[in-house]
Amino acid sequence: MNADASNQPDPVNSADDAFVNGQGNAAGPGEIGGRVIPLRPGTRSADSVHRASEIGWGTQVEPVPVNGEVLSPGESAELDRRLPNGPVRDAGPVRLLPAVRGAVTAVTKAAHNPKTMVVIRVTVLTLQGGKSWALRAYDAGTMGVYRRQIRAAEAAGDMEGLRDWTERREAAIVARHQRFMDLPKLAFGVVKVVIGSLVGLIVTIVVVAAVVHVSGAGTFAGVVDGVLDFVRFMVWLVTAAWTPVLLGAPLAVLYGAYREGRRRGTAPRWLATSAESDVDLMIDETTVAAALAALRIPQVTQYLKGGSPLQYLTPLRVDGRGTHCVIRLPAGVTADKVARRRADLAAGLHRLAKEVYPSTGSEEGILDLWIADKGALAAGAGEYPLLEEGLVDVFKGVPFGRSLRGEPILAPVMERNTIVGGMPGQGKSSGARVIMAGAALDPTAELRIWVPDANFDFEVFKPRCSRYVMGAEDERIGEILEQLRELHAEVQHRGAILVEHEEPQVNRKLASAGIGLHPLFCLLEEAHVAIQHPEYGTEIAKLLVDIVRLGRKRGIHVIVSTQAPTKDSMPRDVTRNCSNGIAFAVGDHVANDALLGQGAYAAGHRATELIPGTDRGTAVVKGFAGESRSQLAQAYFLSVAKGNDQVTPIIERALAAIRATGRVPGADRPAPQGETNRDLLEDLDTVLGDDPVRAADVPALLSRLAPGWAPYRTLTGKALVAELAAQGVKVPSTGNKYPVDPVTVREALAKRATADLDGDD
Ligand SMILES: Nc1ncnc2c1ncn2[C@@H]1O[C@H](COP(=O)(O)OP(=O)(O)OP(=O)(O)O)[C@@H](O)[C@H]1O
């Protein structure tokens, strides 16, 4: 609102001016005339500023008529209320002219009327859809895809790519030309087929009519009349349907254009209505380029600024539940750099971080990008397929999850071992549980589960297991060691059975033959806890190495689960012999390669690119689809939570299937009992011959006699002498050799026996 600068002072403006200039009006109270103070630039319209500079300080201001009306504070507040953006600031209390007020009210109403907004939005989207079709038609007509790739290869100095795309373009032109040349031939062929069909139809009608006539079932003319009636009906039907079809066609085209416009997702944001919050952004070359540009990586920005399109090694194409492409990034940018900005990239693509999977392709500078359709991954892998019914043949694999593309993934388990790893809480136990649930559903399979930790995760499997140990206490880990020794012996035994049957490895036939070669699934959870146990760890590690190395071909599948495998927490020979690798989010390339194989990180198989939390339940899996390939998998999830225990019904179903055929495989053999007590004097009596033996050499003899008895493994000569002294057997020092004399030992034994007898009396 312009100031009224006439000689007649505007009381409102005067107050305003005084405020903005920081001084009062020069005229005293009651004075009408006085010095006119020009307005400070920036607080008034350009027009008034311009005039102020023209007139200079203290110049008489020309009167300018202004359409306005002085309002009372009440009227001013009422106007504020009606105007769309709340109270008017710095405008002074004014009343609009009726015509302007009408227009403002109409526009305001329209802008706030959802129906009007929808109409505008639909119109804009339909027009944009039409434009998109036109551009696509132009693109297709002028071989746009090839054109852009040729430019991109040229810009990147990629001569091979340039040659390749040029050749592809030429081949496409030749093919199109050929199709064009073939058109007359095609049309002629269609005409021939139509005429042939007509003639065939007429002949058939004539033959049928003749047969009807001859057989006396009707007359020749009757059949022909019937056919003619049918033809007349069809003509009538087409004529009747023609008008609605003609009227509906433009509507269908408009609807198609609207859909196309929505897919492009480029309608102005201010036109979005709450009903369309699910509008998807169409993923195409432009949106991908824009999302990459928004990362503000200098080389990418510079490259795109130069007008060169991105170089697509695999152009964008629909891939299962999303879109996939492979891009050669501008020189100096690694795919890893982009992958590390995954959340930012996702924001640019209007996706959640877990819906965008950038990874390193076959070279550092090649970006493999998969973008899920909006919301497509929300349901995770979905329901475990064998939740309600079904059994498994482990020779065909067990259900594990779904690829991001949505295809079910089976984990191959025979002749393999599996290592599962990742940061805490990312899904290791759940992943192992899914594999073991699958194994449980094969009635021929035996299950052994060892959890060296106080952990409920696998308790529900207990009834299906032939061996189950859970707990972090030393005794529990000692038990695990015992059972690994038993398994180690079984590996050897199975080898002998295979030799007997002249087979190199267990197959389905042998596995089902009841000769001790049934599939055996062993899970060692939190394996690092057992392997790093101060007393039993070394032997556990040694046994594991042998079992994973030799057990594969003998029908034994070992799953080791650990957090971040290092050379101390997981022997290299174990990781090397696990051809299945399941890596949930990991912290560094060392853990990555331990899970996915040496060199996996360098080859672009990177669980380091998974985001802890965001990607819970999603893993990079190796060995599930060919040895050299890895893929991203969403694991099925089987809850064992109280009130939502999904595993127990599976175990019950598995047990019912087993009862129909026999017993839980392996459960008939009692678990090896860890040694709870040994008698030192009895053992010395056994290991010592007739001559005295140096005390330092005796522990080795005792260990050989009872390898499972931990105290013998740590026993020293000096400790032995002390222990014998405590039991009444004196060992002389004799030249510092401390010979343990079998005679003294046997005397002590006899003495003890007599004392026992005396006690009994
Ligand atoms: N495939 C999945 N789908 C959905 N949620 C999952 C999936 N896997 C795991 N989760 C969620 O993550 C939680 C932790 O999973 P889990 O116990 O398997 O992790 P972990 O890696 O074994 O953790 P820790 O190392 O602490 O034992 C689960 O309770 C579950 O809520």
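The figures follow:
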| quantity | calculated |
| --- | --- |
| One residue from A432, A439, A489 being under 17 Å from H557 (Cβ atoms), more than 16 Å from the ligand (Cβ to nearest atom), small (G, A, S) and not in a strand (DSSP E or B) | A439 |
| Hey, V558 crowded, with 21+ Cβ neighbours inside 10 Å, within 16 Å of the ligand (Cβ to nearest atom) and not in a helix (DSSP H, G or I) or not | no |
| Qualifying residue in the stretch 524-540 (condition: in contact with a Lys or Arg (Cβ under 7 Å, 6 or more places away or on another chain) and either more than 23 Å from A591 (Cβ to Cβ) or polar (S, T, N, Q) (or both)) | no |
| Some residue of the stretch 474-484 being closer than 25 Å to T648 by Cα, free of Cβ contacts under 8 Å to residues at least 40 places away in the same chain and more than 16 Å from the ligand (Cβ to nearest atom) | yes |
| Of all residues in the stretch 353-364 being touching a residue at least 60 places away in the same chain (Cβ under 8 Å) and not in a helix (DSSP H, G or I), the one that is farthest from the ligand (Cβ to nearest atom) | S362 |
| Selection from the stretch 450-482 of residues that are within 24 Å of L510 (Cα to Cα) and either part of a strand (DSSP E or B) or touching a Pro at 6+ places or on another chain (Cβ under 7 Å) (or both) | C465, S466, R467 |
| Scan of the stretch 326-345 for residues that are surrounded by 20 or more Cβ atoms within 10 Å (Cβ to Cβ), among the hydrophobic types (A, V, I, L, M, F, W, C) and touching a residue at least 40 places away in the same chain (Cβ under 8 Å), ordered by number | I327, A335, V338, A339, L345 |
| Failed criterion for M436 (all others in (1) out of contact with any strand residue (DSSP E or B) (no Cβ under 8 Å at 6 or more places or on another chain); (2) modelled with pLDDT of 95 or more hold) | (1) |
| Residue within the stretch 584-601 that is in contact with a Gly (Cβ under 9 Å, 6 or more places away or on another chain), modelled with pLDDT under 90 and either within 15 Å of the ligand (Cβ to nearest atom) or within 20 Å of G365 (Cα to Cα) (or both) present | yes |
| Restricting the stretch 400-410 to residues that are assigned to a loop (DSSP other than H, G, I, E, B) and of a type outside the set (D, E), the residue that is farthest from the ligand (Cβ to nearest atom) | R405 |
| Any chance S630 is within 16 Å of the ligand (Cβ to nearest atom), without any contact (Cβ under 8 Å) to a residue 60 or more places away in the chain and in the same structural domain as G421 (by TED's automatic domain parsing) | no |
| Enumeration of residues in the stretch 520-534 that are under 16 Å from S429 (Cα atoms) and surrounded by fewer than 24 Cβ atoms within 10 Å (Cβ to Cβ) | E526, H528, V529 |
| The stretch 454-469 - residue that is open to solvent by less than 30 Å² (accessible area, probe 1.4 Å) and closer than 11 Å to V647 by Cβ and, of those, farthest from the ligand (Cβ to nearest atom) | R464 |
| Number of positions in the stretch 585-606 that are of a type in the set (A, V, I, L, M, F, W, C) and within 14 Å of S359 (Cα to Cα) | 4 |
| Those residues of the stretch 535-555 which are in a loop (DSSP other than H, G, I, E, B) and open to solvent by 10 Å² or more (accessible area, probe 1.4 Å), in sequence order | E535, Y536 |
| Every residue from the stretch 370-399 that is farther than 21 Å from Y636 by Cβ and either within 15 Å of the ligand (Cβ to nearest atom) or open to solvent by less than 10 Å² (accessible area, probe 1.4 Å) (or both) | I371 |
| In the stretch 442-453, the residues that are open to solvent by 10 Å² or more (accessible area, probe 1.4 Å) and within 12 Å of the ligand (Cβ to nearest atom) | D453 |
| Conditions (1) at pLDDT below 95; (2) within 14 Å of the ligand (Cβ to nearest atom); (3) surrounded by 23 or more Cβ atoms within 10 Å (Cβ to Cβ): number failed by L367 | (2) |
| The one condition in (1) open to solvent by less than 30 Å² (accessible area, probe 1.4 Å); (2) in a helix (DSSP H, G or I); (3) away from the ligand (no atom under 16 Å from the Cβ); (4) not small (G, A, S) that D573 fails to fulfil | (1) |
| Any hit, the stretch 411-428, residues being within 16 Å of the ligand (Cβ to nearest atom), within 15 Å of V640 (Cβ to Cβ) and open to solvent by 40 Å² or more (accessible area, probe 1.4 Å) | no |
| All positions within the stretch 624-645 that are at pLDDT 90 or above and crowded, with 18+ Cβ neighbours inside 10 Å | A633, Q634, A635, Y636, F637, L638, V640 |
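Residues are listed down the side, and each one gets a yes or a no for (1) more than 23 Å from N677 (Cβ to Cβ); (2) surrounded by 19 or more Cβ atoms within 10 Å (Cβ to Cβ); (3) not assigned by TED's automatic domain parsing to the domain that holds P534:
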residue	(1), (2), (3)
E473	no, no, no
E479	no, yes, no
L484	no, yes, no
Q492	yes, no, no
K509	yes, no, no
I515	yes, no, no
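The values are calculated or read from the model by the stated rules, or taken from the named source; none is laboratory data. Keep in mind it's a predicted model, so treat the numbers as computed, not measured. No Cβ is skipped: glycine too gets one built from the backbone with ideal geometry, and neighbour counts run over all protein chains shown. Accessible surface areas use protein heavy atoms only, side chains included; no ligands, DNA or RNA. Shrake-Rupley method; radii C 1.70, N 1.55, O 1.52, S 1.80 Å.
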